[in-house]
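Novice: Here it is, the structure in full.
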Amino acid sequence: SSSNCSSTTCSGSSNCSSSTCSAACGACCSSGCSSGCSAGCGGGGPRVVDIFNPCSAGFSCGSSAPPPEVYNRHKPMTLNVVGLGFPMLCQARVTPIDCDTKFVQEFNAQEPNRLARPPLNAHKSESILRCRTQTWAMTEHLGFAPGLYNGIPYYCVFLDEGILGKIKEFEWLDDLTAYVMVANLVYTPNSNAISMTRVNFDVAGTGRVRATYDLKTHRLLQETENYGQWRALVVTLACLMAFRFWRSFRNFTQRRTKTFVFDMLLSAVFVAFNLAVVIRRESGVDPIPEGILGLVRGFLQVGDTRAPNIDELVAATIIGYLETLDLIGNAVLVEEMMKLISYFIVVISIFRVIHYMSVHPRIDIIAQTVLQASDDMFHFMIVFTFVFTTFAWLAHWSFGPDKEAFQTFGAALNSCFRCLAGDYPWTAEWTEGWMQKIWWVSFTFLIFFVSLNVLFSIIIEAFLRVRVQINEGQASRNIVLDLLFIFSLKVRRVSQGWPAHNEICDHIESTQLIQAPLTPHELGASRFCRFTSVKSARSFCSMYIMYLGGSVLSSKAREVLDLSRQKGETDKFMMRLFVIKDKAGLERINRAILTVQRRARAWFACKRIMVERAKKKRRSSLRLYQDCSIDNVKAVFVERFGMSEGVAEAWLGKLMQRQALQRLSSVVSKDLGLYDKIIVDAVSVVV
């Protein structure tokens, strides 16, 4: 019972049984009876956590435990992006001045308010209409004193939901506001980056508001896990550029060309830039984190808004906020400058890569097209720039106040450039006047249709000229095949001991004034090329001929190559025609053909001699055919070619067999073409 279960009774383990303590277990269980009532009320069991009441750590069989100092929230406090303090609204104001115009003077000279009942509905203390000066205001405005920053007085306030309504109600921004800035600092923990977002409004005297924005992000690179990889990458790139500088310098000492000078300068700029970036990161201290932490500490110091020095604390926090904005802006500006330098380095490197590609004519087609069309495009751009700029100015001047796309001259240039790409900023037809319609038609015809097509024609014509030059080139091949050939050439150069490519180029450049073709004997005896023998030089030339064909040979060499190719084709034809299986039979046929050819040349020579004799003696054609008798022909063979009479007679016997002898007997038949047919018949008989 409860009367028997007191702290005194339960203090001893002998009096603490489950039956005695069960009735009031939740009220009196202590360390003395915890073992006896653990099963009854769960004194030693798991604690229960109330997720809906984070101030309660749980409860057990005893009295409730005190609230913990820290606890696990059901909703976490961390965010992906956190704002550092409140957004800040600042304005810069100018001083008022009376407008020196007759209309304003008449308008401000209205009668006093007839309903005035001071202090209610009293008269206004300032003029109804006023003008602005160019002098910055330094006086208080609705209780806000300006703070000087970079020589400009700013009226600043931190924004929250409660103050926005007051700003609208009391017209904190009015006609004297010349500049408005809304700034905020944001930190992203996952990327360890601090971002500054700022929206700027320039308020003109006419009331036009032009908005711009700045979004600048600064990443704390030294504290990221990828900083080591970044540092290794930059150092590796610097080493590669240093090696490139050494190679360019070595090539420059051998051949002084502008290309190697440019490569040395570009490599030196690469190395200097990478070293400057690494040294700046390693030796310098990033001021952004300390500035941000100082700003946060400044916010935390303004705890009690009723403190006597609250105005000084708020002013110091505002100035610290502006200084932090400048600190981030300057740091990002330095990074942007480094980025701009690297941008130009990359662009120059791209042009250098294009120049590297000029070693192959088919890849160099773009660069050569631009070079071929550069002169025409230069003169075209002179006219085009003048006409294009005139159209942009005309659009801004004519209908810029009504059209946002042409409200400034820069916006008009941008809109005209968009029109070149086909993106016309059309608006509703009823909002466009006749001047704008005339402008659209004129711009579309002169710029979009005529000018662009003229430019395309210049480029296409240059491309066609370059394409013809490439097709007529002697060494124009597919780049994949060229790369395979270069690889095989390097392998054979190592295996056969051929000289390096630069040595061959040096020999060609040194002997370029010699008109004679390059021969293996010349390469073998050259002091630039170190061929082991003329045979090695011949195999080197044969490899180029095998890949490039006869286009690299001289005319005489191409004739020899064509004859060799024709001989090979003739041999294959003869072997198929006469079913010859070995070279011995082919040689016998070739000897027979050569014999026929020698005899045929002798016959034609004999005929030519007899014709010349006949012309000298001015004989008639009949006497000419009579002179071409067998005895006269035999005499010419013996006299002209040194044949014996027996050989000449045997040759004429073979020649005059079959129909040839009958045709020869018809002396007065046709003309000298008769003997040509005889030779053909004789050749066919022998073959």
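The values are calculated or read from the model by the stated rules, or taken from the named source; none is laboratory data. Nothing here was measured: the structure is a model prediction, and the numbers come from that model. Cβ placement follows ideal geometry from the backbone for every residue including glycine, while neighbour counts extend to all protein chains displayed. Ligands, DNA and RNA are excluded from the accessible area calculation, which covers all protein heavy atoms including side chains. Shrake-Rupley method; radii C 1.70, N 1.55, O 1.52, S 1.80 Å.
Novice: Assign one of three labels to region 141-214, namely rounded, prolate or oblate, based on the Cα gyration tensor with a ≥ b ≥ c the square roots of its eigenvalues; rounded applies when a/c is under 1.5, prolate when it is not and a/b is larger than b/c, and oblate otherwise.
Specialist: Here region 141-214 falls in the prolate category.
Novice: Looking at region 217-291, which trypsin sites (Lys or Arg not before Pro) are DSSP coil and have at most 13 other C-beta atoms within 10 Å of their C-beta? Let's see the in-between values first.
Specialist: Working: sites: Arg219, Arg231, Arg244, Arg247, Arg250, Arg255, Arg256, Lys258, Arg280, Arg281; in loops: Arg255, Arg256.
Answer in residue order: Arg255, Arg256.
Novice: Thr135 versus Ala109, label points 7 Å from Cα toward the beta carbon: distance in nm?
Specialist: It is 2.6 nm.
Novice: Follow-up question, since we're still on this one. What spacing in nm lies between the two simple spin-label points modelled at Arg527 and Ile438, each 7 Å away from Cα in the Cβ direction?
Specialist: Output for this residue pair reads 7.9 nm.
Novice: OK, next. Looking at region 555-593, which trypsin sites (Lys or Arg not before Pro) are DSSP coil and have at most 14 other C-beta atoms within 10 Å of their C-beta?
Specialist: On the way: sites: Lys556, Arg558, Arg565, Lys567, Lys572, Arg576, Lys581, Lys583, Arg588, Arg591; in loops: Lys581.
The qualifying sites are Lys581.
Novice: In whole percent, and with a 1.4 Å probe on the protein chains, what portion of the accessible area of region 298-411 is carbon and sulfur?
Specialist: Ligands and nucleic acids excluded, carbon and sulfur reach 70 percent.
Novice: Right, next: In nm, to one decimal, how far is the Asp100 label point from the Arg281 one, both placed 7 Å along Cα→Cβ?
Specialist: Distance between the two pseudo-spin positions: 6.0 nm.
Novice: Please list Ser457, Ser398 in order of solvent-accessible area, largest first, computed with a 1.4 Å probe with all protein chains present.
Specialist: Correct descending sequence by accessible area is Ser457, Ser398.
Novice: At 1.4 Å probe radius, can you tell me the per residue accessible area of region 389-536 in Å²?
Specialist: That works out to 65 Å² for each residue.
Novice: Also, I was wondering about something else. How large, in percent, is the carbon and sulfur part of the accessible surface of region 477-594 at a probe radius of 1.4 Å?
Specialist: 63 percent
Novice: Compute the length gained on full extension between Ser564 and Val579: take 0.36 nm times their separation in residues and subtract their Cα-Cα distance, giving the result in nm to one decimal.
Specialist: Fully extending the segment from Ser564 to Val579 adds 3.2 nm.
Novice: Going by amide H atoms built from the backbone, whose H comes under 5 Å of the H on Tyr179, apart from near neighbours?
Specialist: Under 5 Å from the amide H of Tyr179 lie the amide H atoms of Ala92, Val203, each far enough along the sequence or on another chain.
Novice: Another question about this same structure. Convert each backbone phi in region 88-93 into a coupling constant with the Karplus relation 6.51 cos²θ - 1.76 cosθ + 1.60 (shift: θ = phi - 60°), then list the ³J(HN,Hα) values in order as whole Hz, x for Gly and Pro.
Specialist: 10, 10, 10, 9, 10, 10
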